[in-house]
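One structure is given below, encoded as structure tokens.
The values are calculated or read from the model by the stated rules, or taken from the named source; none is laboratory data. Owing to the predicted nature of the structure, the values given are computational and were not obtained by experimental measurement. Here Cβ is always computed from backbone atoms with ideal geometry, including for glycine, and neighbour counts include all displayed protein chains. Surface accessibility is based on the protein's heavy atoms, side chains included, excluding ligands, DNA and RNA. Shrake-Rupley method; radii C 1.70, N 1.55, O 1.52, S 1.80 Å.
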Number of protein chains: 2
Amino acid sequence: MAMSQKINRRNILISTGLAGAGVVLGGGGGYAIAQTQGQRTMQHNEANIIPFYGSQQSGIVTPQQNHLHFAAFDLITENRDDIATLLKIWTATAATMASGKPIGEGTFPEHAAPPDTGEALGLQASNLTITFGLGPTLFTKDGKDRYGLASRRPEALVDLPPMAGDALKEERSGGDLCVQACSDNPLVAFHAIRNLARQARGLAVMRWSQLGFNRTASTSKKQETPRNLMGFKDGTNNLKIEDPELMKQHVWVGDEGLSWMHGGSYLVARRIRMHLESWDRDFLADQEKVFGRRKVSGAPFNGKEEFDAVDLNAKHPDGTPMIATQAHIRLAAEDTSIKILRRGYSFTDGMDITTGEQDAGLFFIAFNRDPRKQFIPLQTKLGQQDLLNEYITHNGSAIFACPPGTHEGGFIGEALFA
Amino acid sequence: MAMSQKINRRNILISTGLAGAGVVLGGGGGYAIAQTQGQRTMQHNEANIIPFYGSQQSGIVTPQQNHLHFAAFDLITENRDDIATLLKIWTATAATMASGKPIGEGTFPEHAAPPDTGEALGLQASNLTITFGLGPTLFTKDGKDRYGLASRRPEALVDLPPMAGDALKEERSGGDLCVQACSDNPLVAFHAIRNLARQARGLAVMRWSQLGFNRTASTSKKQETPRNLMGFKDGTNNLKIEDPELMKQHVWVGDEGLSWMHGGSYLVARRIRMHLESWDRDFLADQEKVFGRRKVSGAPFNGKEEFDAVDLNAKHPDGTPMIATQAHIRLAAEDTSIKILRRGYSFTDGMDITTGEQDAGLFFIAFNRDPRKQFIPLQTKLGQQDLLNEYITHNGSAIFACPPGTHEGGFIGEALFA
């Protein structure tokens with residue numbers, strides 16, 4: 001694999017003493033020069049920092065940032081201790097980056113690869129959060145116990161069942177580990193994933209990644225509801241973090257199941273391609289029927305304003321339901337016991353040359369306490385009935401167990417490996 | 001092609017009177033309902049508007065915005081008048097969007113496809129600029145005059161010659177037309193390209209597109225120099241728009257060549273994939289040697305601060321040059337008569353499954369008065385000698401003639417079709 005280690009040409013030069021022009025190497029003098037000329041430090045800005053350490057991981061009930069870089073990784077080590085080592089390194093690095101500091105404390109020795117790739121030097125933390133998750137294949141693969149962890153796989157960390165409308169691609173699905181980096185500066189999010197991928201070298205390789213260029217949900221009452229690429233306000237009735245009771249009920253794992261996941265959450269990711277060319281030819285009235293809301297205002301059919309309560313029983317004078325029986329809003333809302341915390345992003349990856357259409361849509365992310373009771377029944381119903389299905393295809397899918405948070409000196413997932 | 005017109009199921013419903021539930025259709029009463037219930041208007045914000053109309057196109061000597069969506073199009077019409085028609089529609093629509101207004105003046109009739117796709121409703125113009133260009137294949141294709149315009153092809157609009165290090169992909173190169181949308185909000189830039197692509201239906205289809213998530217150059221003295229994905233400050237010595245004399249000399253076509261291009265400029269786009277995994281293993285000293293600048297400060301080797309003048313003749317005490325003979329900065333700067341206006345962006349499109357590496361790098365855009373005297377000799381030299389070549393591959397390439405600007409009622413490229 002391209003990301004595994006190879007012998008570096010310059011390592012050879014150094015070890016044999018054959019230094020190229022301009023590279024200061026050799027005995028004590030060279031080292032001193034390296035220290036005086038080669039060491040530089042960076043200052044950083046305290047603004048816009050979201051604490052990484054805490055009893056829960058950040059990036060879940062954090063007010064949703066505007067930009068996402070998400071990556072799934074495959075482990076290439078045979079050794080369980082390596083996984084704990086990687087998570088230790090990742091935890092410490094994530095805490096550093098979330099604090100707005102460069103990796104390696106801003107020290108850049110001249111005769112080594114820089115500890116930090118540098119593209120975010122001088123930028124603020126920009127509300128960076130880094131959230132780690134563990135996939136089903138970390139525990140069992142091809143029906144076999146992989147690292148002696150099979151008995152510690154949570155029951156809620158199911159393999160997502162096939163669902164109507166799926167057209168999943170292997171190369172956009174699954175993964176042993178995931179990292180969700182969110183920030184209000186896309187370069188800061190990119191930098192986080194890149195540097196974690198780099199630190200995984202020899203232990204894990206990136207399986208897939210996704211840039212999200214604009215949030216399509218609000219997780220805080222203080223945020224305006226953004227629009228998805230279909231032009232509709234998305235996530236008006238999303239769970240909001242200002243209500244800890246709802247978070248406890250629907251997002252955080254309680255004292256059920258295995259103790260290492262208590263205080264964690266399950267992340268479901270779906271790459272939902274939107275067929276924008278077809279959608280854009282559809283009449284406004286039909287677009288609104290599909291969603292069950294007004295396009296411009298975001299109001300439900302029975303109201304005038306976005307946040308007016310949805311009345312699924314509202315009827316036209318002729319007795320037909322205002323909100324169609326297969327409208328997205330009805331299917332998503334009619335079972336009021338099912339709620340998820342959505343944290344999705346719009347994406348585009350250029351043209352799909354196989355279809356001549358833009359490869360764009362929604363990278364759906366949701367956190368739930370138990371996907372068996374939340375995401376799976378919800379999406380099973382939506383996949384079968386939702387009017388929106390004419391215009392979307394799910395082509396990527398993954399599920400991860402996000403352990404609880406940790407304190408300085410600990411690491412994410414520590415209780416699993418204890 | 002997927003973007004060409006097809007018969008819309010709902011058109012059929014309407015023309016036959018078989019309306020689905022919830023769709024108000026039919027005689028005068030239905031129309032009246034559509035008018036009262038279905039028409040909604042939007043307000044917009046005057047902030048952050050860059051005028052679209054003017055003697056030159058915007059998006060060239062405009063302070064560089066943070067986000068890019070770029071698209072190249074292939075014409076599918078046989079008719080020259082259709083091209084003028086398309087450019088007229090595009091010009092008017094671009095002016096509307098640049099002013100922060102929705103297409104169709106914010107009126108959304110219920111029984112038609114919305115005139116505006118809607119995802120940017122409620123957002124500010126966010127310094128949106130839309131810049132149009134005409135590719136060589138608009139004039140001649142496969143050696144033949146295509147629309148009777150061959151004699152009007154500017155000599156400076158050459159086919160870019162093959163250059164050392166090219167690994168160009170057809171599906172990321174060329175195009176009869178291009179649109180560069182830049183904004184400080186990525187959704188606003190996405191919206192612009194999408195709606196123009198939509199208006200081109202039946203006349204042109206998108207050939208390729210590129211999202212740029214962060215600028216990698218400054219075009220104004222008021223902007224901080226950003227870093228590219230290699231972690232270096234990029235474009236420190238880029239031309240700055242505050243010097244109109246330099247713009248005249250290096251960016252704008254003067255009274256040379258065909259008159260329809262006077263006041264225009266030539267855009268060169270190159271998709272430069274960076275091999276970040278290799279780069280990240282390279283020692284700091286070598287990375288700096290490649291660029292010829294310090295990584296953290298951006299200072300040239302002969303100075304301490306980013307904007308210290310580069311001294312290509314500076315030598316170490318032992319007589320060797322401080323800036324290596326094949327350093328990027330030396331090759332780019334040694335011929336002081338060659339200058340271009342760079343307006344590039346960092347990109348990532350996820351994993352490249354053929355290599356297991358991130359598909360990321362620099363989407364290079366440059367404007368020049370005559371690519372035969374500027375971009376081509378510069379890149380020919382860089383392609384042959386630049387130390388950076390070990391870490392980059394050019395996999396997309398295109399050139400476009402960007403006509404001068406226009407006034408309200410006119411259209412971009414009008415003089416070509418006169």
Quiz item: Distance from the Cα centre of region A:305-377 to that of region B:194-261, in angstrom?
Solution: 38
Exercise. Please name the residues of region A:204-230 whose accessible area, counted over protein heavy atoms with a 1.4 angstrom probe, falls by no less than 20 Å² between the chain alone and the full protein assembly.
Key: A:206, A:209, A:211, A:213, A:214, A:227, A:229
Practice problem: Sort shortest first the distances from residue A:112 to its counterpart in every other copy, using label points 7 Å along the Cα-to-beta-carbon line, and give them in nm. | Solution: 6.6
Exercise. Determine the order of B:191, B:262 by accessible area, beginning with the largest, at a probe radius of 1.4 Å.
Key: B:262, B:191
Practice problem: Between the chain alone and the structure with every protein chain in place, find the residues of region A:353-383 that drop at least 30 Å² of accessible area; heavy atoms, 1.4 Å probe. | Solution: A:353, A:356, A:358
Self-check item: Complex-versus-alone comparison for region A:77-121, residues with a loss of 10 Å² or more in accessible area, probe 1.4 Å
Solution: A:108, A:110, A:111, A:112, A:113, A:114, A:117, A:118, A:119, A:121
Self-check item: chain A, relative contact order [Cα under 8 Å, separation at least 6], %
Solution: 23
Quiz item: Can you list the residues of region A:155-197 with backbone N under 15 Å from a point 7 Å past the Cα of residue A:352, pointing along Cα to Cβ?
Solution: A:165-173
Quiz item: Solvent-accessible area per residue for region B:259-378 at a 1.4 Å probe radius, Å²?
Solution: 33
Quiz item: In deg cm²/dmol and to the nearest 500, what is the mean residue ellipticity at 222 nm of chain A if only DSSP H runs of at least 4 residues count, each as -39500 (n - 2.57), divided by the residue total?
Solution: -6500 deg cm²/dmol
Practice problem: Using only the Cα atoms, work out Rg/Rh for region B:129-248, with Rh taken as the Kirkwood radius, to two decimals. | Solution: 1.00
Quiz prompt | Sulfur and carbon atoms: percent of accessible area, region B:76-158 [1.4 Å] | solution = 46
Quiz item: Which angle from 0 to 90°, rounded to the nearest 10, does the C-alpha axis of helix A:80-98 make with the longest principal axis of chain A?
Solution: 80
Quiz prompt | Calculated label separations, residue A:151, copies of the chain, 7 Å along the beta-carbon direction, nm | solution = 8.8
Quiz prompt | chain B: radius of gyration over Cα atoms, expressed as a fraction of 2.2 N^0.38 Å | solution = 1.08
Quiz item: Roughly how tilted is helix B:375-385, in degrees to the nearest 10 and between 0 and 90, from the longest Cα axis of chain B?
Solution: 50
Quiz item: In terms of solvent-accessible area of protein heavy atoms at a 1.4 angstrom probe, what is the ranking of B:134, A:246, highest value first?
Solution: A:246, B:134
Exercise. Using amide H atoms built 1.01 Å from N in the peptide plane, name the residues 5+ places from residue B:119, or on other chains, whose amide H lies under 5 Å from its own.
Key: A:231
Quiz item: For the residue pair residue A:78 and residue B:99, what label-to-label distance in nm results when each label sits 7 Å from Cα along the Cα-to-beta-carbon direction?
Solution: 7.0
Self-check item: For the axis carrying chain A to chain B: nearest C-beta residue of A, whole Å
Solution: A:349, 2
Quiz item: What are the distances, in nm and sorted shortest first, from the label point of residue A:353 to the label points of the same position in each other copy, with each label point placed 7 Å from Cα along the Cα-to-Cβ direction?
Solution: 1.5
Practice problem: Wrap a convex hull around the Cα atoms of the protein assembly as shown, take a quarter of its surface area, and give that in square nanometres. | Solution: 36.0
Quiz prompt | Using distinct alpha-carbon pairs, which all enter the 1/r mean, Kirkwood radius of region A:239-285 in Å | solution = 14.2
Quiz item: When the Kirkwood hydrodynamic radius is evaluated over all pairs of different C-alpha atoms of region A:92-166, what value in angstrom, to one decimal, is obtained?
Solution: 16.2
Exercise. Measure off, as a whole percent, the carbon and sulfur share of the 1.4 Å-probe accessible area of region B:269-418, all protein chains present.
Key: 52
Quiz item: Mind checking how much accessible area B and A bury in total, 1.4 Å probe, in Å² rounded to 100?
Solution: 6900
Exercise. Set Lys and Arg Cβ to +1 and Asp and Glu Cβ to -1, take the dipole of region B:319-358 about its Cα centre, and tell me which of B:336, B:348, B:321 lies farthest positive.
Key: B:336
Exercise. Just reorder A:93, B:380 by solvent-accessible area, largest first, 1.4 Å probe, all chains present.
Key: B:380, A:93
Quiz item: What whole-number value in Å² describes the accessible area per residue of region B:144-238 for a 1.4 Å probe?
Solution: 33
